[in-house]
1. Could you list, in sequence order, the residues of segment 236-245 that are open to solvent by 40 Å² or more (accessible area, probe 1.4 Å) and either within 16 Å of ligand 2 (Cβ to nearest atom) or closer than 19 Å to Y204 by Cα (or both)?
2. Does A216 count as among the small types (G, A, S), touching a residue at least 12 places away in the same chain (Cβ under 8 Å), part of a loop (DSSP other than H, G, I, E, B) and within 16 Å of ligand 1 (Cβ to nearest atom)?
3. So for segment 432-439 (the condition being in contact with a Leu (Cβ under 7 Å, 6 or more places away or on another chain), assigned to a helix (DSSP H, G or I) and in the same structural domain as L348 (by TED's automatic domain parsing)), does at least one residue qualify?
4. Going through segment 487-504 one residue at a time, which ones are hydrophobic (A, V, I, L, M, F, W, C) and surrounded by fewer than 20 Cβ atoms within 10 Å (Cβ to Cβ)?
5. For segment 86-112, give me each residue that is in a loop (DSSP other than H, G, I, E, B) and open to solvent by 10 Å² or more (accessible area, probe 1.4 Å).
6. If we scan segment 141-152, do we find a residue that is modelled with pLDDT under 95, outside the structural domain of A253 (by TED's automatic domain parsing), surrounded by fewer than 16 Cβ atoms within 10 Å (Cβ to Cβ) and of a type outside the set (A, V, I, L, M, F, W, C)?
7. Based on this model, can you work out whether F142 counts as under 23 Å from the mean Cα position of the chain (by Cα) and in a loop (DSSP other than H, G, I, E, B)?
8. Could you say whether any residue in segment 470-486 is assigned to a loop (DSSP other than H, G, I, E, B), among the small types (G, A, S) and either open to solvent by 50 Å² or more (accessible area, probe 1.4 Å) or closer than 22 Å to S327 by Cα (or both)?
Amino acid sequence: MAQWWKDRVVYQIYPRSFQDSNGDGIGDIPGIISRLEELSKLGVGILWLSPVYCSPDADNGYDISDYKDIDPKFGTLADMDRLFQEAKRRDIRIIMDLVINHTSDEHEWFRKSRRREEPYANYYIWKPAKNGGGPPNNWTSFFMGSVWEWDERRGEYYLHLFDKKQPDLNWRNPRVMAEVKEIMRFWLTRGAAGFRCDVINVLYKASFADGKRRAAVCGLEHYKSQERNHEILREFRRDVLDDFDCFTVGECAFVDVEEARRLCDPKARELDMLIYFNHLEVDRRVARYMPKPFSAKRLLGVLTEWQTELDWNAVYLENHDQPRIVSHYGDDKRYWARSAKMLATLELTLRGTPFIYEGQELGMTNAGFKSIGELDDVESHNIDDLMHSFCIPKFLRLKWILLASRDNARTPVQWSAEENAGFTTGKPWLPVTANYRTINYAAQDNDEDSVLNYYRKLIALRAGNDILKYGAFTPLFANRRVMAYKRELNGEALTVMLSFSKQKARVPYRGSIVTDNYGRTAFDGILQPYEAVVIKESRQ
Ligand code: TEU
Ligand code: CA
């Protein structure tokens, strides 16, 4: 069924790195407003804002201390209202980040919970010490170490799946449910068009028994996608979301297709679509930090599973937790522009709602960090400590972490060749990547052949093409370096061929060109390095 959130392309803004308006080095809401024209010109129809609520920033806003106010570093509620209005004028809708697995330890609820002050005493997951002072179980955090932190004041441990400054809410407490519903209504009434729901499949902890040892995250089986978690999502729909014209996209940790089918079942409507990770991990061992060689065949395998098993899903290649795609599956040196455009073709010819991350449309690259000291991200520092404790040598730690660090995608958007890339007149909170003098918006805006204009062209192509939007997906062919797939609707088909390699490759398909990143007008069956070709099948 057609829906506005299927027709449109989403653009993710990481507010602190998007555009600074007042010289404090931190991007802000007035900065976003000042760039709406650029976003409109790109052709995006929905913005997802990473958290702009009050936060002490232990995890850059994913630790919220007040859900109903804007952090002063980003502006005011009045600025946010103006952003809703200004976006609406340009037919752009906005979804907010809903982070409800945990709050900040500086949230008023937690400060009172610690003191056992009612009604907050049971808003979080508190447990007494076990066997003479030890933690309640062996679970490990997504950000390394135990999930349990001892609280002197309360004399109990509290649970945190992420940083210790992110205590998990207690989803057994009906008051927590009521609070969150109110927060959702607050933003939907103000103008939000839905939510990106942070780690939404781990809310409900069904038991606190020890986890299986040797799991990447120990304890997962006790809280991932529990029955009650599904019910909670249906309750959000019934009691809140159904009253508004909105959609949800849930970020789901360690999710597989089977679980995803259930979460996105159009009948149950727990989520409208979800964010999974497997397609970005085909060249990684144990999650993200240990590399192995890339294979286009493996990538097509993962994509095929997700494209065909779900009726609809989110499609993305970058976000604020991942390295830049051109530095990951592309080539950020000789074939920088070619490979950035090839990856654009991949994203915009898959079935689903595309999510483009700020700077992706410019082909922004990894940051080129040289030392751990340059990194801001809590996860990078924790993983470094953990690897250190396993005696992994420094040069390897450095290599792996600098390549995969979340900060690679968090450097300021490169708007121009001016100082600090036109992002700020002050000192940016995270340094601008050195290549901003050549890779920037101003240089690409009027260059017909730029990565930016290629994105504009493809977004427009998708908008006017029902095969690309709603056509069925069928894999055709893949090897280590190239892949081909087909999109088909009402007897019409488009074939997409992509090269992930510096070498030429022969493919067995022919037809008239719909789009191509080499600008050619006829296809001879040979893919050039990092070429992307979309053809309309010739009927023979
Ligand atoms: O990320 C959730 C998540 O699963 C992360 O552990 C992610 O897999 C990891 O960062 C990849 O290295 C969400 C947010 O997107 C992230 O920014 C937050 O730090 C996290 O939740 C906690 O709120
Ligand atoms: Ca600012």
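The values are calculated or read from the model by the stated rules, or taken from the named source; none is laboratory data. What you see is a predicted model, and the numbers here were worked out from it, not measured in a lab. Note: ideal-geometry Cβ built from the backbone for every residue, glycine included; neighbour counts use all protein chains shown. Accessible surface is based on the protein model in full, side chains and every heavy atom, while ligands, DNA and RNA are left aside. Shrake-Rupley method; radii C 1.70, N 1.55, O 1.52, S 1.80 Å.
1. Applying the first criterion (open to solvent by 40 Å² or more (accessible area, probe 1.4 Å)) to segment 236-245 yields 238-239, 242-245.
Correct list: R238, D239.
2. Against the criterion (among the small types (G, A, S), touching a residue at least 12 places away in the same chain (Cβ under 8 Å), part of a loop (DSSP other than H, G, I, E, B) and within 16 Å of ligand 1 (Cβ to nearest atom)), A216 qualifies.
3. Here is the first cut: in segment 432-439, the residues in contact with a Leu (Cβ under 7 Å, 6 or more places away or on another chain) are 439.
So of that shortlist, the ones also assigned to a helix (DSSP H, G or I) come out as none.
Scanning segment 432-439, I find no residue that is in contact with a Leu (Cβ under 7 Å, 6 or more places away or on another chain), assigned to a helix (DSSP H, G or I) and in the same structural domain as L348 (by TED's automatic domain parsing), so the answer is no.
4. Those that are hydrophobic (A, V, I, L, M, F, W, C) and surrounded by fewer than 20 Cβ atoms within 10 Å (Cβ to Cβ): L489, A493.
5. Answer for segment 86-112, where residues must be in a loop (DSSP other than H, G, I, E, B) and open to solvent by 10 Å² or more (accessible area, probe 1.4 Å): R90, D91, D105, E106, H107.
6. Yes.
7. Values: under 23 Å from the mean Cα position of the chain (by Cα): yes; in a loop (DSSP other than H, G, I, E, B): yes.
When the stated conditions are applied, F142 passes them.
8. Restricting attention to segment 470-486, the residues satisfying the condition of being assigned to a loop (DSSP other than H, G, I, E, B) are 471, 479-481.
Now narrow it down to the ones that are among the small types (G, A, S): 471.
Now restrict to residues that are either open to solvent by 50 Å² or more (accessible area, probe 1.4 Å) or closer than 22 Å to S327 by Cα (or both): none.
Checked segment 470-486: no residue is assigned to a loop (DSSP other than H, G, I, E, B), among the small types (G, A, S) and either open to solvent by 50 Å² or more (accessible area, probe 1.4 Å) or closer than 22 Å to S327 by Cα (or both).
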